[in-house]
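Structure, as structure tokens:
Every number here is computed from the coordinates shown, using simple stated rules; none is lab data. Keep in mind that this is a model prediction, so the values were computed, not measured. Methodologically, a virtual Cβ is constructed for each residue, glycine included, from the backbone with ideal geometry; neighbour enumeration extends over all protein chains shown.
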Amino acid sequence: MRRFLVPVLVAVAGLGALAVAALLTFAVPQGQSTAVTIGGPFSLVSQEGRPFTEKDVAGRPFLVFFGFTHCPEICPTTLFELSEAFRATGNKGGNLRALFISVDPERDTPEVLKQYLQSFDPRIVGLTGSEEAVKATVRAYRALATRVPLKDGGYTLDHTSSVYVMDRNGRFLRTIDLKRPPEVVAKDLLALS
């Protein structure tokens, strides 16, 4: 019995020590917020080749979606669903904007984005920039984008596929489910305006 009890007591003491260490390590100092910030300043280039920052959407709610033009399925599907929801808003949704931020600045130049986005609603603005500027924006939105080599020597990207809903002050509200009927999504979008 003693052989069994000693290891159990040692294990319990070890777990207790780990719990105390975790509490001390992850405790938030008094007066500091535990909220995670999603979003913030960015400096990119629009599909028109012009500088574009968070100031260009200030004062109105907007959506953010990270993707790339060589994306085989998720990006075109999401952009189509978003376009359908925008169309369902009719004249009332004229103030809405969605930012399609490319996580592939190497291939997605402003010209490429402009050509690609012609198939979707014009309220979707394509953005790209230097690799550093894009990475900084991905980090600011707590998104992910990882380059994945392909056997033929090319590459694809694994990336966050959520569509972020930002308020008129650029603060994150939630993500939006575009799998619902466009009219239902449109109602949610119009409630933001």
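So the values come out like this:
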| read-out | value |
| --- | --- |
| Residues whose placed amide H lies under 5 Å from that of residue 52, excluding near-sequence neighbours | 44, 45, 46 |
| Computed lengthening from residue 91 to residue 158, 0.36 nm per intervening residue step minus Cα-Cα distance | 20.6 nm |
| Relative contact order for the range 45-192, counting Cα pairs under 8 Å that sit 6 or more residues apart, in percent | 34 percent |
| Fewest-first sequence of 74, 38 by Cβ atoms within 10 Å of each Cβ | 74, 38 |
| Nonlocal amide H pairs with residue 66, under 5 Å, H built at 1.01 Å | 101 |
| From phi via Karplus (6.51, -1.76, 1.60), per-residue ³J(HN,Hα) for the range 178-185 in Hz, x at Gly/Pro | 8, 7, 7, x, x, 5, 6, 5 |
| GluC sites (Glu not before Pro) restricted to DSSP loop in the range 69-103 with at most 16 other C-beta within 10 Å | 73 |
| Greater than 30 Å apart at Cα, pairs in 151/179; 55/187; 114/187 | 151/179 |
| Residues 77, 128, sorted so that the one with the fewest Cβ neighbours within 10 Å comes first | 77, 128 |
| R0 of 35 Å, Cβ-Cβ distance residue 144-residue 55: FRET efficiency to nearest 0.05 | 0.85 |
| Simple spin-label estimate for residue 109 and residue 80 in nanometres, 7 Å along Cα-Cβ | 2.8 nm |
